[in-house]
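Remarks on the structure that follows.
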Amino acid sequence: MNEHAKPLRLHVPEPTGRPGHPTDFSYLRLAPAGEARRPPIQARAADTAELAASLVRVLDDEGRAVGPWAPQLAPERLRAGLRAMLVTRIFDARMLIAQRQKKLSFYMQCLGEEAIAVAHAMALRGGDMCFASYRQPGLLIARQVPLSELICQLLSNECDPLKGRQLPVLYSRRKDGFFSVSGNLATQFIQAVGWAMASAIKGDTKIASGWIGDGSTAEPDFHNALTFAHVYRAPVILNVVNNQWAISTFQAIAGGERATFASRGVGAGIASLRVDGNDFLAVSAASQWAAERARHNLGPTLIEWVTYRAGAHSTSDDPSKYRPADDWQRFPLGDPVARLEAPPGDARRMVGAAGRAAAQGDRGRSGRRAEGGRAPWLAARRTRAVGRHHLRGRLRADARAPAPAARTDEERLMSTPAAATSTAPAAGTRTRMTMIQALRSAMDLMLARDPNVVIYGEDVGYFGGVFRVTEGLQAKHGRTRVFDAPISEGGIVGTAIGMAAYGLRPVVEIQFADYSYPAYDQIVSEAARLRYRSAGDFTAPITIRMPCGGGIYGGQTHSQSPEVLYTHVCGLRTVMPSNPYDAKGLLISAIECEDPVIFLEPKRLYNGPFDGHHDRPVVPWSKHPRGEVPEGYYTVPLESAAVQRPGSELTVLAYGTMVYVAEAAAAETGIDAEIIDLRSLWPLDLDTIVESVKKTGRCVVVHEATRSSGFGAELVALVQEHCFFHLEAPIERVTGWDTPYPHAQEWAYFPGPKRVGAAMRRAMES
């Protein structure tokens, strides 16, 4: 019946112009100026569908401001906008020259896109936060950030506010409402939603503005942002700058061939507009409409700004290789500066003769300032003044994270087991708790103690989480302090970063550690590096709770121990408690920490200490001495290990469930083993480890994760480096196998007492 069916063919979009062949811009589907209606700010998302498909324009071909979107801007407002655009363009050109002169390593122009950033910035208020990409310096210039400070960052000189830690154009200006720009694409989009959510949680009046390019809309963070913004009605403006090209790929490759990018917002339940991004008046009007909508608690707006990337993607790019050389001159929406500067119609009259003279004078002054004026001169002078101390010449010394100060005797004492286990003051009565109850107690206490603490994740609100760790917290503290999140780990962590940037302390739950991988980019590239890359301008005090490990017949996707993926990352802290007392104290310390903390919870220990004998009943925490927990506030230091079992013949390094497996192995072999519960995997309490191994002369390392490149390999290397002349036998490792976690053969994979005991005997017999 299919003998006449035609073979399928893959469609690969192609631009309508290539080098040597002029572009046919009819694909833009332009609408006449003044044609688009202007709905009230209360409009539903569905009511903006036609606006997401057409084009909001104000300036017609004669320079007249026409239609319902024409804003009523005072002449001085127009002059300020024109001046900021001119300064942006001249600054852009001058810095491109500086890069060609090898004065800076890298540069990305915003030529042709000045109206979008400048007019949008002028529609916002001072306290609003912009989560920009690398092509919106106009946001900063419109907010009158000193050019000399921007230039110092571009030059990475001695006065660079980011201390040489970021590429040029990746600015960070908290005081000017400009979030630290990441080198990764789209990550800031979901973070803007998180910042806006935080503003709403705190009952503030500030809004957020997120930015993304057309090419980056293919990234998951774009779709996460749409989902979270819609679900929580976040007061955020989501800006998509459709400049037609993402390096060499045309906008159709990102999905702009048969539908507009704005239409994706309508599909997600978000009011959406498609706007002429080269029309300063249209940008101003649309931005003001979206800002009013957000400030009236009416939710997010997505705006697609149609413009053209006039220059190269970066100074490493040659656009003549993939597009016609005269595209910018032929682009039907024209030059945004020229359209506002010298149109023959209404806009010119709005600026006025005095305004034109002022604009020309400003351009002259801006030109002198950019070409030979004070700002670049001052930045260059600062570079010359330090000479050999220029950061590019001493990057290794100055651009790395500060080394920790040498420990005092008191600090070293605080890392010993005695000090680590006595950090709790007399915090009221003690009671026996499961680890679940201890974790819940910590979060309950911190929610009451700190109004900036919020808890959210999949199923953690009304239901209390799949392990019931957050049960009852929403009822007690409210739905804006403890709430459910969409099933999007990247969205959960991304919004948490935005909330932390606002000033909250999010505690988020990833339902299983195995599910954390979709959030890995936000954790590693964003949360971990935020303090470093912004030179302390922003921090990420986030606690990410992850139930981990096997022993529950969870199979390969519910039993993993991915701790080494996080201990490898600079800027992250990683902890794993083994008992209720440590669980509560460590979680309080994590919530109070200024750095992001990966908080791994061995789910096999939630209800009792599991020693690896799966065929025996587990002793509940109510009958175990380590189940006794103070009801009040106390902390356990994040950099401390604990000696759970003193011994003299052998040192066992373990954490999580393996602490009890090691105890069982020691009891069954009769070996006088000293068992150290690392509990803080990174930073590591190396002093306690070294002291023990030097005493016993033998060492066994135990963990549940796979063997190759596991955290045990790092422990073995450290023991070898620091205790080599004290070792009397080779270091032994007992780990999971280098296979996925098997469901039917779980106990063959799980490092039980038999395998650990055999390793202990080998160490003693060597």
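The values are calculated or read from the model by the stated rules, or taken from the named source; none is laboratory data. All figures in this text were calculated on a predicted structure; none of them were measured in a lab. Methodologically, a virtual Cβ is constructed for each residue, glycine included, from the backbone with ideal geometry; neighbour enumeration extends over all protein chains shown. SASA here: full protein model, heavy atoms, side chains in, ligands and nucleic acids out. Shrake-Rupley method; radii C 1.70, N 1.55, O 1.52, S 1.80 Å.
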Taking the range 456-480 only, how many residues are charged (D, E, K, R), surrounded by fewer than 21 Cβ atoms within 10 Å (Cβ to Cβ) and in a loop (DSSP other than H, G, I, E, B)? 4
Residue count for the range 675-687, restricted to those that are buried (at least 24 other Cβ atoms within 10 Å of the Cβ) and in contact with a Lys or Arg (Cβ under 8 Å, 6 or more places away or on another chain): 2
Output the qualifying pairs, or none if there are none: Cβ atoms under 9 angstrom, residues six or more apart or on different chains, first residue in the range 477-489 and free of Cβ contacts under 8 Å to residues at least 24 places away in the same chain, second residue not β-branched (Val, Ile, Thr). Arg479/Gly461; Arg479/Tyr462
Mind checking which residues of the range 292-313 are buried (at least 24 other Cβ atoms within 10 Å of the Cβ) and either out of contact with any Lys or Arg (no Cβ under 9 Å at 6 or more places or on another chain) or of a type in the set (Ser, Thr, Tyr) (or both)? Ala294, Thr301, Thr307, Tyr308
Determine, yes or no, whether Met95 is closer than 28 Å to Gly498 by Cα and within 34 Å of the chain's Cα centre (by Cα). no
What single numbered condition from (1) part of a loop (DSSP other than H, G, I, E, B); (2) surrounded by fewer than 20 Cβ atoms within 10 Å (Cβ to Cβ) fails to hold for Glu76? (1)
Would a scan of the range 81-96 turn up a residue that is among the aromatic types (Phe, Trp, Tyr) and at pLDDT below 95? no
Test result for Glu35, open to solvent by 100 Å² or more (accessible area, probe 1.4 Å) and at pLDDT 95 or above: yes
Suppose we filter the range 123-167 for residues that are under 21 Å from the mean Cα position of the chain (by Cα) and of a type in the set (D, E, K, R); how many remain? 4
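Within the range 561-580, which residues are open to solvent by 30 Å² or more (accessible area, probe 1.4 Å) and not in a loop (DSSP other than H, G, I, E, B)? Show your work before the answer.
Let us first name the residues in the range 561-580 that are open to solvent by 30 Å² or more (accessible area, probe 1.4 Å), namely 564-565, 568, 570-571, 573.
Those that are open to solvent by 30 Å² or more (accessible area, probe 1.4 Å) and not in a loop (DSSP other than H, G, I, E, B): Val564, Leu565, Arg573.
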Contact list, first residue from the range 727-749 and closer than 19 Å to Ser561 by Cβ, second anywhere and of a type in the set (Val, Ile, Thr) and assigned to a loop (DSSP other than H, G, I, E, B), beta-carbon distance below 9 Å, six or more apart or interchain, is Glu746/Ile552; Tyr749/Thr739
Which members of the range 79-106 meet the condition of being in a helix (DSSP H, G or I), in contact with a helix residue (DSSP H, G or I) (Cβ under 7 Å, 6 or more places away or on another chain) and open to solvent by less than 40 Å² (accessible area, probe 1.4 Å)? Gly81, Leu82, Ala84, Met85, Leu86, Val87, Thr88, Ile90, Phe91, Arg94, Met95
Among the residues of the range 530-559, what is the count of those that are in contact (Cβ under 8 Å) with a residue 60 or more places away in the chain and within 18 Å of the chain's Cα centre (by Cα)? 9
Tell me which of these Ser709 doesn't satisfy, since it passes every other one: (1) under 35 Å from the mean Cα position of the chain (by Cα); (2) more than 19 Å from Glu563 (Cα to Cα); (3) surrounded by fewer than 24 Cβ atoms within 10 Å (Cβ to Cβ). (2)
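Residue by residue, here is whether (1) in contact with a strand residue (DSSP E or B) (Cβ under 6 Å, 6 or more places away or on another chain); (2) at pLDDT below 95; (3) over 28 Å from Thr739 (Cβ atoms) holds:
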{"site": "Val569", "(1), (2), (3)": "no, no, no"}
{"site": "Arg573", "(1), (2), (3)": "yes, no, yes"}
{"site": "Ser589", "(1), (2), (3)": "no, no, yes"}
{"site": "Pro630", "(1), (2), (3)": "yes, no, yes"}
{"site": "Thr635", "(1), (2), (3)": "no, no, yes"}
Would you check if there is a residue in the range 230-241 being within 25 Å of Arg309 (Cβ to Cβ), assigned to a helix (DSSP H, G or I) and in contact (Cβ under 8 Å) with a residue 12 or more places away in the chain? no
Please identify the pairs in which a residue from the range 299-312 that is within 13 Å of Phe261 (Cβ to Cβ) has its Cβ atom under 9 Å from the Cβ atom of a residue that is in a loop (DSSP other than H, G, I, E, B) and acidic (Asp, Glu), counting only partners at least 6 apart or on another chain. Glu304/Asp214; Trp305/Glu113; Thr307/Glu113
In the range 721-748, what count of residues is obtained for those that are open to solvent by less than 10 Å² (accessible area, probe 1.4 Å) and either of a type in the set (Phe, Trp, Tyr) or part of a helix (DSSP H, G or I) (or both)? 2
Taking Val118 and the conditions (1) part of a loop (DSSP other than H, G, I, E, B); (2) in contact with a Ser or Thr (Cβ under 8 Å, 6 or more places away or on another chain); (3) at pLDDT 95 or above; (4) hydrophobic (A, V, I, L, M, F, W, C), which numbered condition does it fall short on, given that it satisfies the others? (1)
